[in-house]
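Asks: Please see the structure below; I have some questions.
The values are calculated or read from the model by the stated rules, or taken from the named source; none is laboratory data. Small disclaimer: the values here were computed from a predicted structure and weren't measured. Neighbour counts run over all protein chains shown; Cβ positions are idealised from the backbone, glycine included. Heavy atoms of the whole protein, side chains included, go into the accessibility calculation; ligands, DNA and RNA do not. Shrake-Rupley method; radii C 1.70, N 1.55, O 1.52, S 1.80 Å.
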Amino acid sequence: MTTIHHEQVAALLAAAGSDAVTPVTTRWTYESTEPYQLTVAFATERGRWVEWVFARDLLIDGMSEPTGDGDLRVRLDEEDPELLVLEIYAPSGSAIFSLELDDVEEFLARTLDVVPAGAESTHFDIDRLLAELTAG
């Protein structure tokens, strides 16, 4: 099993009409035993982490075109193509984060070195998943 961790500071963008930006530490994690997904965690002011799990393909696709139509959307910044934008929507509210594209590309490249795109099924343990689903 290989686990990749990456931390970077994102800019939490304020509501429309405001130029306020709040820096937020993010922690990205990818595990080869869960090859289809990755996790991004956001540090809160109270010292807790809020985690968001999503498909690695969503991040891959978002590097070249706007993608996602559910609770997570990924796209390049329209004004600055050196930034990647994560838009998160939840029943309790929404948040828009801006990240340095180079940092996200570095993390993504490391995940692809471990499990290349299209090879996820060779790293996925279906027997373990079935055992977890049937354990009582």
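Asks: Compute the longest continuous run of the chain that contains no exposed GluC sites (Glu not before Pro); treat a site as exposed when its DSSP state is not H, G, I, E or B and it has at most 12 other Cβ atoms within 10 Å.
Replies: 83-136
Asks: What's the longest piece of the chain with no exposed trypsin sites (Lys or Arg not before Pro), counting a site as exposed if DSSP puts it in a loop and it has at most 10 other beta carbons within 10 Å?
Replies: Answer from the scan: 49-136.
Asks: Which distance in Å, rounded to a whole number, links the C-alpha centroids of region 92-112 and region 1-62?
Replies: 6 Å
Asks: To continue, here is another question. Given Cα pairs under 8 Å that are at least 6 residues apart, what percent is the relative contact order of the chain?
Replies: This gives 20 percent for the chain.
Asks: Percent of accessible area on the chain owned by carbon and sulfur, 1.4 Å probe?
Replies: Carbon plus sulfur share of accessible area: 50 percent.
Asks: Moving to a separate point now. With a 1.4 Å probe and every protein chain left in place, work out the accessible area per residue of the chain in Å², rounded to a whole number.
Replies: That works out to 60 Å² for each residue.
Asks: Note the per residue figure in Å³ for the convex hull of the C-alpha positions in region 39-123.
Replies: Roughly 125 Å³ of hull volume per residue.
Asks: Which value, in debye to the nearest 20, describes the size of the charge dipole of the chain about its Cα centre when Lys and Arg Cβ atoms bear +1, Asp and Glu Cβ atoms bear -1, and nothing else is charged?
Replies: The dipole of the chain has a size of about 580 debye.
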